[in-house]
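Reading through the structure tokens given below for one structure.
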Amino acid sequence: MEFLQITSPEDYRIKQIFESYSSTFPEDERRDWDKFVRLFVHPKVKILSVLNNTQNIGYLIIWELSNYVFVEHFEVFSEFRNQKLGSHITNYLFKNYPRIILEIEPENLNEDSKRRFSFYQRNGFNLIDDLYIQPSYGEGKKSLQLWLLANYHPENVKELKDEIYDIVYH
């Protein structure tokens, strides 16, 4: 498995990534195209294309913050799901980033959210905040009640959330 940083919205993989991102994540959980392309010039963001046997199977959007990495989006494309590839991706994250934070929908929302929470628990993440509010991605989009997960036990969850709010959502 390879993880290639994409440094330009002109990269041929971005079309597939953005189409999947737009269809997989609800409107309120994602950026519009104009805001998405601005990620490429942000110094704290990495957009990684995940390759398996030279095939693009998914992507990660990560933010390298003060002393942890915030995984804003993590997706294995639908045709490659249920093949344990997501676990390989989390293994990559653990090897390269000792402190990881991510947000998910509460497990009681639906079967997919329950399955997703179970996946992250099996792969070393724990719930650190069940009252987390994801700020709005912009005009006409709602803020959302989500859960915050981590692969470690942060000392100060409020400071961590403030940094995410200030850098990722502004």
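On the basis of the beta-carbon distance and an R0 of 22 Å, Glu64 and Glu19 show a calculated FRET efficiency of 0.25. Accessible area ranking (1.4 Å probe, heavy atoms, ligands and nucleic acids excluded), largest first, for Leu51, Leu109, Leu144: Leu109, Leu144, Leu51. Restriction of the chymotrypsin sites (Phe, Trp or Tyr not before Pro) in the stretch 1-92 to DSSP coil positions whose beta-carbon has at most 10 other beta-carbons within 10 angstrom yields Tyr12. The lysines whose alpha-carbon is closer than 19 Å to the alpha-carbon of Lys84, local same-chain residues fewer than 8 away aside, are Lys95, Lys114.
Around the amide H of Arg81, modelled in the peptide plane, lies no amide H under 5 Å away from a residue 5 or more places distant or on another chain. Over all other residues within a Cβ to Cβ distance under 11 Å of Asn67, the charged ones net out to -3, with Lys and Arg as +1 and Asp and Glu as -1. Rolling a 1.4 Å probe across all protein chains gives Lys15 an accessible area of roughly 140 Å².
Close amide H contacts of Ile128 (hydrogens built in the peptide plane, cut-off under 5 Å, sequence separation of 5 or more or a different chain): Leu148, Leu149, Ala150. Using 0.36 nm per residue and subtracting the Cα-Cα separation, the extra length available between Asn82 and Ser136 on full extension is 16.4 nm. For His88, the accessible area of its heavy atoms, probed at 1.4 Å with every protein chain present, is near 100 square angstrom.
A DSSP coil position with no more than 13 other Cβ atoms inside 10 Å describes the following GluC sites (Glu not before Pro) in the stretch 1-80: Glu10. Each Lys or Arg adds one and each Asp or Glu subtracts one; over the other residues with Cβ under 10 Å from the Cβ of Tyr137, this totals 0.
Karplus-based coupling profile of the stretch 128-139, in residue order and whole Hz: 10, 7, 9, 10, 5, 10, 7, x, 5, 7, x, 4, with θ = phi - 60° in 6.51 cos²θ - 1.76 cosθ + 1.60 and x standing for Gly or Pro. Debye-formula intensities of the chain, expressed as log10 I(q)/I(0) at q = 0.08, 0.16 Å⁻¹, are -0.22, -0.99 (one equal scatterer per alpha-carbon, no solvent). Phi-derived couplings, Karplus 6.51 cos²θ - 1.76 cosθ + 1.60 at θ = phi - 60°, listed residue by residue for the stretch 22-29: 5, 8, 7, 8, x, 3, 6, 9 Hz, with x used for Gly and Pro. Here's the list of lysines a cross-link from Lys142 could span, going by alpha-carbon distance under 20 Å and ignoring same-chain residues fewer than 8 apart: Lys35, Lys161. With runs of 4+ DSSP H residues as the only contributors, calculate the mean residue ellipticity of the chain at 222 nm using -39,500 (n - 2.57) per run, divided by the residue total and rounded to the nearest 500. Mean residue ellipticity, 222 nm, calculated: -9500 deg cm²/dmol. The amide H of Arg99, built 1.01 Å from its N in the peptide plane, has Val69 as neighbours under 5 Å, considering only residues 5 or more places off or on other chains.
In debye to the nearest 20, how big a dipole does the stretch 1-71 give about its Cα centre with +1 on each Lys and Arg Cβ and -1 on each Asp and Glu Cβ?
Around 160 debye, computed over the stretch 1-71.
If I compute solvent accessible area with a 1.4 Å probe over the protein chains, what percent of it on the chain is carbon and sulfur? Carbon-and-sulfur percentage of accessible area, whole number: 46.
Over the chain, with a Gaussian network built from C-alpha contacts below 10 Å, which listed residue (Ser49, Ser78, Ser20) shows the highest mean-square fluctuation? Looking only at Ser49, Ser78, Ser20, the largest GNM fluctuation is found for Ser78.
The values are calculated or read from the model by the stated rules, or taken from the named source; none is laboratory data. All values reported here derive from a predicted model rather than from experimental measurement. Cβ: placed from backbone, ideal geometry, glycine included. Neighbour counts: every protein chain shown. Areas reflect the complete protein model, heavy atoms only, side chains present, ligands, DNA and RNA absent. Shrake-Rupley method; radii C 1.70, N 1.55, O 1.52, S 1.80 Å.
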